[in-house]
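Q: Sharing a structure below in structure tokens format, with a few things to ask.
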Amino acid sequence: MDRKRIRTTLVPAVTAALALASGAVALTTVSPAQALENGVARTPPMGWNSWNTFGCNINESLIRQMADAIVNSGLRDLGYQYVVVDDCWFNPNRDSSGNIQGDPSRFPSGMKALGDYLHNKGLKFGIYQVPVDKTCAQYFNSYPGATGSQGHEAQDARQFAAWGVDYLKYDWCSPNGTINDQVATFAKMRDALKATGRPIVYSINPNSIHSKTGPQRNWGDVANMWRTTEDITNKWDTGQTNGYPMGIQNIVNVTVPLASYAGPGHFNDPDMMEIGRGGMNDTEMRSHFALWAMMASPLIAGNDIRSMDSATQTILKNKNLIAINQDSLGLQATQVSNDGTRRVLAKKLANGDVAVALFNQGGSTTTVSTTTSAIGKSGGTVTLTDAWTNATSTTSGTISASVPAHGTVVYRVSSPGSSPSASPSASPSASPSASPSASPSASPSASPSASPSTSPVPGGCSATIKTINSWGGGFQSEVTVQAGSSAVNGWTVKWTWPGGQTISSLWNGRQSSSGSSVTVTNESYNGSIAAGASTTFGFTANGSAATPTATCTSP
Ligand code: GLA
């Protein structure tokens with residue numbers, strides 16, 4: 001596709017030119033804000049989106065056929081509710097009052113009629129728009145006009161509400177703007193949607209042809225879901241870290257460390273699914289779904305639902321994995337271990353069970369193992385239910401499986417007498433969140449403990465380590481690097497572990513270690529911190545949670 005070629009070749013040049021023009025890429029965090037609570041997306045949204053299969057080739061009869069297929073295939077009743085009409089649905093010109101309109105040849109019955117059709121089928125209506133002047137297809141000259149919401153936020157929000165829109169995908173497709181510009185601009189539409197009074201899932205993407213700001217902050221104050229990466233493609237591994245296009249393994253690498261951001265009403269979005277679109281073998285397709293389920297990711301199918309083969313149906317309709325994904329605690333799996341080949345994730349569930357994923361990232365079959373204590377289920381015999389086969393087994397220690405290359409085995413781990421797992425609800429967005437008393441004692445728990453930090457001297461910086469999650473045998477921490485009364489240009493944070501802890505993965509920083517001494521320096525994008533501002537990096541570690549005193553130096 002032309003668009004993809006342009007995107008692949010031009011983007012690095014554009015990004016480099018911008019970086020040169022601005023002298024440095026200066027990104028700082030904005031002041032912490034409260035999570036968006038608009039009542040929707042209490043569990044990860046599920047549905048279908050037109051882009052992955054159809055790109056710009058959409059019209060109302062296609063969308064209606066897809067809606068019919070979602071109902072007739074049984075997907076709706078499994079929770080797939082939102083039908084999202086992506087780019088290229090609109091008239092390239094606004095009307096004389098500046099209102100956005102559906103394209104009259106593609107959607108001759110109008111967008112309100114489409115919304116009514118979907119609602120009559122028990123489905124929900126999603127639509128695509130951008131905060132800048134051009135949609136992504138307009139930016140790449142594959143669709144005419146410049147009909148973005150810039151300057152029309154309140155008017156467009158009212159129009160969407162009047163059409164019965166239930167979900168807005170809002171896509172920053174531009175290399176311009178700092179992360180703080182993005183936060184402010186995305187917040188405009190958040191507030192405009194709220195002002196309509198209609199509950200609308202707010203799904204944002206800050207990464208298209210832009211520096212990858214999706215993983216750089218917790219966007220839960222702005223949106224219900226936010227893309228963590230550049231666009232997905234139907235390949236296992238494209239070799240990208242976070243660039244166009246992303247394979248499944250590449251997206252998992254970016255999104256796993258962001259687990260602490262997820263919760264009811266706000267989820268990391270690793271992009272629409274590629275299941276049923278070729279390009280991967282069945283093991284990889286299953287792994288894709290299992291990992292999305294474990295990461296509490298929105299489950300937005302991207303295949304042609306009218307012509308799904310049975311292997312695709314088996315994957316998309318796996319009730320065990322849907323129940324794990326739609327669990328009312330809304331937690332994203334945290335990483336238990338990762339040796340580069342064998343990666344283990346655990347997700348605490350509302351009835352006290354823990355879902356564990358044994359993921360083989362390597363190229364040949366291997367045994368992936370963990371223990372009941374590492375996932376917070378120690379102290380007796382537990383039952384393992386295989387999410388793919390329903391086979392059960394028991395253990396009081398080792399949890400392991402022989403896993404094929406790129407495969408993921410998922411077990412639901414239950415203590416004797418635990419209440420049966422909830423089956424997925426047909427209206428996931430309305431499911432209530434579980435009471436805190438449902439939490440198992442040894443599962444990930446927030447801890448208020450934080451290391452002391454010394455006051456930064458002028459021109460200097462300070463660092464504070466805070467425990468975000470902990471589980472038997474490991475923990476996750478966030479480190480805040482705070483600039484003093486002048487700006488910081490580059491920083492190094494050091495600490496010493498008190499008792500044999502080891503870092504298993506670290507993000508938004510570069511680590512060097514020897515024995516118990518840890519040194520972390522900034523990445524290129526978060527080295528500049530304005531006076532008085534801060535940035536964060538995070539890590540998961542093995543051992544018992546600790547918050548040693550960290551020192552920060554800036555050259
Ligand atoms: C961007 C988004 C995609 C899709 C296209 C539409 O690339 O990331 O998901 O919406 O725009 O042009």
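Q: Of Val165, Cys88, Ala146, which is farthest along the charge dipole of the range 3-326 in the positive direction, counting Lys and Arg as +1 and Asp and Glu as -1 at C-beta?
A: Val165
Q: Tell me, Arg106, Arg412 in order of fewest to most beta-carbon neighbours within 10 Å?
A: Ascending Cβ contact count within 10 Å gives the list Arg106, Arg412.
Q: Right, next: In this model, which of Lys134/Lys169; Lys347/Lys377; Lys348/Lys377; Lys235/Lys347 are farther than 18 Å apart at the alpha-carbon?
A: On the way: Lys134/Lys169 14 Å; Lys347/Lys377 12 Å; Lys348/Lys377 10 Å; Lys235/Lys347 26 Å.
Result: Lys235/Lys347 exceed 18 Å.
Q: Charges at C-beta only: +1 for Lys and Arg, -1 for Asp and Glu. How large is the resulting dipole of the range 68-176 about its Cα centre, in Debye rounded to 20?
A: 100 debye
Q: Can you give me the relative contact order of the chain as a percent, contacts being Cα pairs under 8 Å and 6 or more apart? Provide the component values of the computation, followed by the final result.
A: Working: 1376 pairs, mean separation 71.5, N = 555.
Reported relative contact order: 13 percent.
Q: A further question follows. Can you give me the Rg/Rh ratio for the range 119-170, using Cα atoms for both radii and the Kirkwood formula for Rh?
A: Numbers: Rg = 12.4 Å, Rh = 11.9 Å.
Checking Rg against Rh, the ratio lands at 1.04.
Q: Same structure, new question: For labels at Thr521 and Asn281 in the simple 7 Å Cα→Cβ model, what's the distance in nm?
A: Simple spin-label model gives 4.1 nm for this pair.
Q: Follow-up question, since we're still on this one. Along the charge dipole of the chain, pointing to its positive end and built from +1/-1 on Cβ of Lys, Arg, Asp and Glu, which listed residue (Val410, Met111, Gly265) has its Cα farthest out?
A: Final value for the positive-end residue is Val410.
Q: Out of residues 5 or more away from Ser149 or on other chains, whose amide H comes under 5 Å of its own, with H placed 1.01 Å from N in the peptide plane?
A: It is Val130, Val132, by chain and number.
Q: Compute the relative contact order of the range 335-414 as a whole-number percentage, counting only Cα pairs closer than 8 Å that sit 6 or more residues apart in sequence.
A: That works out to 34 percent.
Q: Whose amide H sits under 5 Å from the amide H of Val85, counting only residues 5 or more places off or on another chain, with H placed in the peptide plane?
A: Gly126, Ile127, Tyr128
Q: What FRET efficiency would be calculated for the residue pair Lys121, Asn57, taking the C-beta separation as r and a Förster radius of 25 Å, to the nearest 0.05? Before the final figure, lay out the partial values.
A: Values: r = 22 Å, r/R0 = 0.89.
For Lys121 and Asn57, the calculated efficiency is 0.65.
Q: Right, here's the next one. In whole angstrom, and with the biggest value first, how far do the Cα coordinates of the chain range along each principal axis?
A: 68, 60, 42
Q: Please name whichever of Val252, Thr334, Ala311 sits farthest to the positive end of the charge dipole of the range 207-334, dipole taken about the Cα centre and charges placed at Cβ: Lys and Arg +1, Asp and Glu -1.
A: With unit charges placed on the Cβ atoms, the residue in question is Thr334.
Q: Once you charge only the Cβ atoms, +1 for Lys and Arg and -1 for Asp and Glu, what is the size of the charge dipole of the chain about its Cα centre, to the nearest 20 debye?
A: Dipole magnitude for the chain comes out near 380 debye.
Q: Additional query: Need the full-extension length gain, Ser514 to Asn141, defined as separation in residues times 0.36 nm minus the C-alpha distance. One decimal, nm. List each step's numbers first, then the result.
A: Numbers: separation 373, 0.36 × 373 = 134.28 nm, distance 5.18 nm.
Extending this stretch completely gives an extra 129.1 nm.
Q: Please compute the modelled spin-label separation between Val71 and Lys194, points set 7 Å along Cα→Cβ, answer in nm with one decimal.
A: That separation, rounded to one decimal, is 3.5 nm.
Q: Counting each DSSP H run of 4 or more residues in the chain as -39500 (n - 2.57), what helix-only mean residue ellipticity at 222 nm follows after dividing by all residues, to the nearest 500 deg cm²/dmol?
A: When only DSSP H runs of four or more count, the value is -6000 deg cm²/dmol.
Q: Something else about it: Could you derive backbone 3J(HN,Hα) for the range 36-53 from the dihedral phi with the Karplus parameters 6.51, -1.76 and 1.60 (θ = phi - 60°), listing whole Hz in sequence and x where the residue is Gly or Pro?
A: 4, 10, 10, x, 9, 6, 5, 10, x, x, 10, x, 9, 10, 6, 5, 4, 8
Q: Using modelled backbone amide H atoms (1.01 Å from N, in-plane), which distant-in-sequence or interchain residues come within less than 5 Å of Gly460's amide H?
A: Gly484, Ser485, Ser486
Q: Could you derive backbone 3J(HN,Hα) for the range 527-537 from the dihedral phi with the Karplus parameters 6.51, -1.76 and 1.60 (θ = phi - 60°), listing whole Hz in sequence and x where the residue is Gly or Pro?
A: Taking θ as phi minus 60°, the curve returns x, 8, 10, 5, 3, x, 8, 9, 9, 10, 10 Hz for the range 527-537.
Q: If you don't mind, another one. How do 119-131, 218-230 rank on mean C-beta neighbours within 10 Å, highest first?
A: 218-230, 119-131
Q: Which value, in debye to the nearest 20, gives the size of the charge dipole of the range 335-414 about its Cα centre, when Lys and Arg are +1 and Asp and Glu are -1 at the Cβ?
A: Computed charge dipole of the range 335-414: roughly 140 debye.
Q: Of all the Cα-Cα pairs you can form in the range 184-230, what percent are over 11 Å apart?
A: Percentage above 11 Å: 67.
Q: Note down the relative contact order for the range 3-326 as a percent, whole number, built from C-alpha pairs under 8 angstrom at least six residues apart.
A: RCO, the range 3-326: 19 percent.
Where a number appears in this text, it was derived from the coordinates with a stated rule and is not lab data. Predicted model only: the values in this text are computed from it and were never measured. Cβ sites come from the backbone with ideal geometry, for glycine too, and all protein chains shown count toward neighbours.
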